[in-house]
Amino acid sequence: MSGETYVLYCKAEDYNASTGVCAAPFYGPAPSFLPPLGVTDALVISASIAGCWGVGYMIKMARRASGG
């Protein structure tokens, strides 16, 4: 649990717009843009991206060599 950041949340149905008060606030993990990735997951993703770029480059070179 070390290193986790918690944020105060309020569900829409618990929020009173006229008073600006939440009836039942609660703490939850802070949102993040990307989910946490392990080293192996990151390497698999980067290898997949590099492989796709490599295949695209080979197709481009084959078209150029064939005159198309």
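Sum -39500 (n - 2.57) across every DSSP H segment of at least 4 residues in the chain, then divide by the residue count to get the 222 nm mean residue ellipticity, nearest 500. Before the final figure, lay out each step's value.
On the way: 1 runs with 28 residues, N = 68.
So the calculated ellipticity at 222 nm is -15000 deg cm²/dmol.
So if each residue of separation counts as 0.36 nm, and I subtract the Cα-Cα distance between Ile45 and Tyr6, what length gain in nm does that give?
Numbers: separation 39, 0.36 × 39 = 14.04 nm, distance 2.85 nm.
Result for the pair: 11.2 nm of gain on full extension.
If you filter the chain for trypsin sites (Lys or Arg not before Pro), then keep DSSP loop positions with at most 14 other Cβ within 10 Å, what is left?
Values: sites: Lys11, Lys60, Arg63, Arg64; in loops: Lys11.
Counting only loop positions with at most 14 other Cβ atoms within 10 Å, the trypsin sites (Lys or Arg not before Pro) in the chain are Lys11.
May I ask for the angle, rounded to the nearest 10°, between helix 39-66 and the longest principal axis of the chain, with both axes built from Cα atoms and the value confined to 0 to 90°?
On a 0 to 90 degree scale, this one is about 40.
Going by the alpha-carbon gyration tensor, a ≥ b ≥ c the square roots of its eigenvalues, is the chain rounded (a/c under 1.5) or, if a/c is not under 1.5, prolate (a/b greater than b/c) versus oblate?
Working: a/c = 8.84, a/b = 2.77, b/c = 3.19.
Here the chain falls in the oblate category.
For the stretch 1-57, which chymotrypsin sites (Phe, Trp or Tyr not before Pro) are both in a DSSP coil and crowded by at most 11 other Cβ atoms within 10 Å? Mind dumping the intermediate values first?
Numbers: sites: Tyr6, Tyr9, Tyr15, Phe26, Tyr27, Phe33, Trp53, Tyr57; in loops: Phe33.
When the chymotrypsin sites (Phe, Trp or Tyr not before Pro) of the stretch 1-57 are filtered for loop state and at most 11 Cβ neighbours within 10 Å, Phe33 remain.
Computed from the coordinates by the stated procedures, all read-outs in this text should not be read as laboratory data. Remember, predicted model here, so these are calculated numbers, not experimental data. Cβ atoms come from the backbone with ideal geometry, glycine included; neighbour counts cover every protein chain shown.
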